[in-house]
Each structure stands twice: as C-alpha cells, then as structure tokens.
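What follows is one structure encoded as structure tokens, with my remarks underneath.
The values are calculated or read from the model by the stated rules, or taken from the named source; none is laboratory data. Model, not experiment: these values are computed from the prediction. Here the Cβ positions follow ideal geometry from the backbone for every residue, glycine too, while neighbour counts run over all protein chains shown.
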C-alpha cells in the first residue's frame, strides 16, 4: 500500500509512520508534504498513491484548497486536532476522520475500512475495468476557435499542451498557439501516453515534436521542441526526470 502523508508537524508525522509500520508493515510512504502549495505541485506532477493521510490545518492554509486545485481521486483519512471540519471533510473522498492524538486502534479500523471499501471493490471490478480499458480510444482531434471560425486539430499534429496565464493552449506544427477548454489533468486521460508525456505541471509534450534534450542542471532536463517560439524554457521537473527518461527509452 502506497501512502502519502500531508502533515506540517514533524512529531505527528513520525508517530503516524510508526503506527502504520506496526499495523501494516508493507506500507510504503511515498512522500511527506507539509504545505498546501507543495502538495498541489506534487499531486500535479506525480502518480497518486493508494491512500492519503491529510492534516487539515497546514502551514500555509487548510487542506481543502488542495481539492480546489487538484482532481484528488485517492481516498483520504483526515488526521487533525480539530473536529470543526468533519462535515466538510466528508464532502470530499474521505474514508475516516481521526482526531489527534491518534489512537492505534482507531487508525487500524480506518485502514481496514479503506481496504474493505476500496481494495476489495477494486478487485471485484478488475474484469470490468479491463474491458472498459480495451474499449477506450485516445482522443483524435481537438476543436479550437480562431476568431469567428472553428478548426479541428489532429492530436498527432499537436506539439504540446501548455498552461499560460492560467489558460490552456495547444502548440501546433505551424508554430501557432490556440486556446482550448480542457485542463491538462483532463487531457492526460484523453491522449495516448505513448505519444504524450507531462514533463511538469504546465507542459505535456509530443514525442515526435522533440528536437533536442539538454542537461539543464544536475537534476533537470531542458527540452527543445520544434516550432516552439515562446521565450520561456521547457524544463522537465526534478520529480519527473527518471520517468521521462524511461518514457524516452521504451
């Protein structure tokens, strides 16, 4: 079970880890995050875990800002010193609401509830999910508006999807940019993952549009795209470099 911990109190996160190790030794802690902003960035750039433990009051705001900025489908067990947010917590995908200091038996019951509702349910739905996956096809075209006109752009002709000034755009093989109504989170589920890769929170690039890849620093890469005329550099985030290299080397 892969677990993400969102907690700004070091002692609280350490205690939670110890309890998890006692209850389920197979638990893998993929990351410990302490802020709203850091969590949003991490969730946008990484695969989501099986389960999230989330404190409500973080160092730069409340955790509900995370749900407003990310499509969090992962089940959440809230761990907090406040009981005032119970109703709000259960409006998102909450498994349980544990008050600090966390009691081992309460935590164990919450994990068992998670496994019963989500893990077993997933196992029963494997065949159906496989059939649906086989029937799913990648999006072939995107409709864009140019003045009073509309144009249908073939997905294979899109060099990249990107965010600029909080708006979403495509860059096509004539070097032009067109606004689209899809978020990058949504697009990730619509396009062929063999063709497109999300290198950071603001860019998803087409393999065939890559002109060059340059070592930007000891831990980052710079990608040069054909027809890209914007001044800003296109960089692979540190967290995605390894996965990007594997994607390029498949």
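The set of residues in region 196-217 being surrounded by 16 or more Cβ atoms within 10 Å (Cβ to Cβ) and in a loop (DSSP other than H, G, I, E, B) consists of 201, 202. Among the residues of region 237-246, is there at least one that is farther than 26 Å from residue 69 by Cβ and either touching a helix residue (DSSP H, G or I) at 6+ places or on another chain (Cβ under 9 Å) or assigned to a strand (DSSP E or B) (or both)? Taking every residue of region 237-246 in turn, none turns out to be farther than 26 Å from residue 69 by Cβ and either touching a helix residue (DSSP H, G or I) at 6+ places or on another chain (Cβ under 9 Å) or assigned to a strand (DSSP E or B) (or both). For residue 47, the conditions (1) assigned to a helix (DSSP H, G or I); (2) surrounded by fewer than 17 Cβ atoms within 10 Å (Cβ to Cβ) are fulfilled apart from (1).
For (1) assigned to a loop (DSSP other than H, G, I, E, B); (2) farther than 17 Å from residue 39 by Cα; (3) at pLDDT below 90, each residue gets a yes or a no:
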| site | (1), (2), (3) |
| --- | --- |
| 71 | yes, no, yes |
| 82 | yes, yes, yes |
| 121 | no, yes, yes |
| 128 | no, yes, yes |
| 133 | no, yes, yes |
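Among the residues that make up region 224-236, is at least one of them part of a loop (DSSP other than H, G, I, E, B) and either out of contact with any strand residue (DSSP E or B) (no Cβ under 9 Å at 6 or more places or on another chain) or surrounded by 19 or more Cβ atoms within 10 Å (Cβ to Cβ) (or both)? First the steps, then the outcome.
Pass one, region 224-236, residues part of a loop (DSSP other than H, G, I, E, B): 226-233.
Checking which are either out of contact with any strand residue (DSSP E or B) (no Cβ under 9 Å at 6 or more places or on another chain) or surrounded by 19 or more Cβ atoms within 10 Å (Cβ to Cβ) (or both) leaves us with 228, 231.
Within region 224-236, one or more residues are part of a loop (DSSP other than H, G, I, E, B) and either out of contact with any strand residue (DSSP E or B) (no Cβ under 9 Å at 6 or more places or on another chain) or surrounded by 19 or more Cβ atoms within 10 Å (Cβ to Cβ) (or both).
Scanning region 57-69 for residues that are touching a helix residue (DSSP H, G or I) at 6+ places or on another chain (Cβ under 6 Å) and surrounded by fewer than 17 Cβ atoms within 10 Å (Cβ to Cβ) returns 60, 61, 65, 69.
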